[in-house]
Each structure stands twice: as structure tokens, then as C-alpha cells.
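Shown next, in C-alpha cells, is the structure this report addresses.
The values are calculated or read from the model by the stated rules, or taken from the named source; none is laboratory data. Since this is a predicted model, take the numbers as computed values, not measurements. All Cβ positions, even for glycine, are placed from backbone atoms using ideal geometry, and neighbour counts span all protein chains on display.
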Amino acid sequence: MLRTHKLGEADRIITLLTRQHGRVRAVAKGVRRTTSRWGSRLEPFTHVDLQLAEGRNLDVVTQAETLTPFSGEIGLDYDRYTSGTVMLETADRLVTEERQPSPQQFLLLVGGLRAMAARERGPSQVLDSYLLRSLAVAGYAPSFDHCARCGEEGPHRWFSPASGGVLCADCRVPGSANPAAGTITVLGALLAGDWPTVEAADPRHLREASSVVAAYLAWHLERGLRSMAYVER
Ligand SMILES: [Zn+2]
């Protein structure tokens, strides 16, 4: 469940990312009544097994069964909640076409929310890894080893969101960032899901990596994410 908004007196339109049908919007009837039979099953973060019936404009939810209520664990902690909200908003924005199957985005999001709820890894690192990987699946894989322009093998010290990754000294463009070498290593590890490297990293490099990821994400989304403003970095 990615997000919901009000419809009429008691209903909501819910936006979902599904395993088989991509992004889907549907109407949940009566969900805002205090006596609603849906309870919290149709809230953001919840992983549900859903049945829909064809409606006049939008499909209508006829049955919902909670598979994993990620909202419980994630909602307990402000940093996890705000980071998780960025994940939902990113998935909503990167899966642009409705009903276009995107099983990889679905699996990445469920895996990311599971890691966020498990509280074993830092919320910023779970978020950054998710953002890099979902951008990669959407076709915007950044390069953190080879020069994004000429392909020369790294390590390189310049980073340009517009160029798609790190740049060698010859290819660097005006306005390229110059992150620490340790930060580039962290970025590559976040993209690859190499957690031992991430966990061993210097906190300064993790923070700098977060700002590089935020800049890279902002470059690829036309409008900024509302939820990003609440994430403490
Ligand atoms: Zn180059």
C-alpha cells in the first residue's frame, strides 16, 4: 500500500504496488467509518493480499488480508517512519505507468520495508540502498566505479548526477561534487547490497553518501519528494 486519499464521505482511493500488476489504484468503500470492517488493513506500509472487483471507473476492494503489517514496527520510530515514507513515495513515482508489471520494484520495496521494520540496519542506509537500487531498476543505474563518460576504471573522485555517476579527472564537468574516496566506496556497497562494507564505514562517509543519493534521486525525479524534507540527515 503506497498511499491513500479521501473520496466522498467515507471512502478512500488507495494506490498500491502489486507483485503482478504494477501500480494499481482502487476504491476502498467505507474505510473511513469508525466501524469499518477493513481496520488498518488498507493503510500505507501494509503488505496485503487483495481482491478487487471491476468498478465503473476504478476497481473496488472486495477483500483484504494482511500479510505483513510493516506500519506497526516502522511507525514506532520517527526516523524509520520518515525514511519508509520516502520509500513509498519513490516507488509511487518510479513506477509511472499504471498496471505495467514491475515485479522487481515490488520485491525491492517489500525487501526494503522488511529491513526497515527489522531494525537491524540504520534507517538512512536502508533508505539509501533502496533508493539506489530502485533507481537502477527504473533504468538510472549510477556508476560508482567506472567513469560514467569514458568508462575508465576507477576509483574516481568526481560525481555528477547529470552524468550518471563518478567521473575521471579528464571527464569531470563543472559543478561535479568531490566526495571522499570512502564515500564512493560506501555508495558502491549500498547499490550492491554489500552490508559488511556499509556497516564498517565511517559515519562521515555514510552521511556524505546520503547527500549524494538525495542529489541523484532529485535529478531523476521531475518534482522533489515531499517526504524527503522530513528525513533527518
Ligand atoms: Zn572519464
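Has the range 211-230 got any residue that is farther than 26 Å from Q104 by Cβ, within 16 Å of the ligand (Cβ to nearest atom) and either surrounded by 14 or more Cβ atoms within 10 Å (Cβ to Cβ) or in contact (Cβ under 8 Å) with a residue 24 or more places away in the chain (or both)?
no
Yes or no: the range 176-194 includes at least one residue that is of a type in the set (G, A, S), within 16 Å of the ligand (Cβ to nearest atom) and more than 19 Å from E153 (Cβ to Cβ).
yes
Check E89 against each of (1) crowded, with 18+ Cβ neighbours inside 10 Å; (2) more than 17 Å from the chain's Cα centre (by Cα); (3) of a type in the set (D, E) and name the one condition it does not meet.
That leaves (2) as the condition not met.
Residues of the range 132-160 being small (G, A, S), within 16 Å of the ligand (Cβ to nearest atom) and within 27 Å of T90 (Cβ to Cβ), which ones?
Result: S143, A148, G154, S160.
Which numbered condition trips up S83, out of (1) surrounded by 20 or more Cβ atoms within 10 Å (Cβ to Cβ); (2) over 15 Å from the mean Cα position of the chain (by Cα)?
Against the list (1) surrounded by 20 or more Cβ atoms within 10 Å (Cβ to Cβ); (2) over 15 Å from the mean Cα position of the chain (by Cα), S83 comes up short only on (2).
Would you please name the residue that is surrounded by the fewest Cβ atoms within 10 Å (Cβ to Cβ), looking only at residues in the range 137-156 that are aliphatic (A, V, I, L, M) and in a loop (DSSP other than H, G, I, E, B)?
Looking at the filtered set, the residue picked out is A141.
Taking the options E54, E65, E89, name whichever one is of a type in the set (D, E) and at pLDDT 95 or above.
Criteria check complete, one pass: E89.
List the residue pairs whose Cβ atoms are under 8 Å apart, where the first residue sits in the range 25-44 and is in contact (Cβ under 8 Å) with a residue 12 or more places away in the chain, the second is in a loop (DSSP other than H, G, I, E, B) and of a type in the set (K, R), and the two are 6 or more positions apart or on different chains.
G30/R37
Restricting to the range 164-173, give me the number of residues that are under 24 Å from A91 (Cα atoms) and within 9 Å of the ligand (Cβ to nearest atom).
Within the range 164-173, residues that are under 24 Å from A91 (Cα atoms) and within 9 Å of the ligand (Cβ to nearest atom) number 0.
For the range 190-204, check the following and say yes or no: at least one residue is within 17 Å of P161 (Cα to Cα), surrounded by 14 or more Cβ atoms within 10 Å (Cβ to Cβ) and modelled with pLDDT of 95 or more.
Looking for residues that are within 17 Å of P161 (Cα to Cα), surrounded by 14 or more Cβ atoms within 10 Å (Cβ to Cβ) and modelled with pLDDT of 95 or more, one finds at least one in the range 190-204, hence yes.
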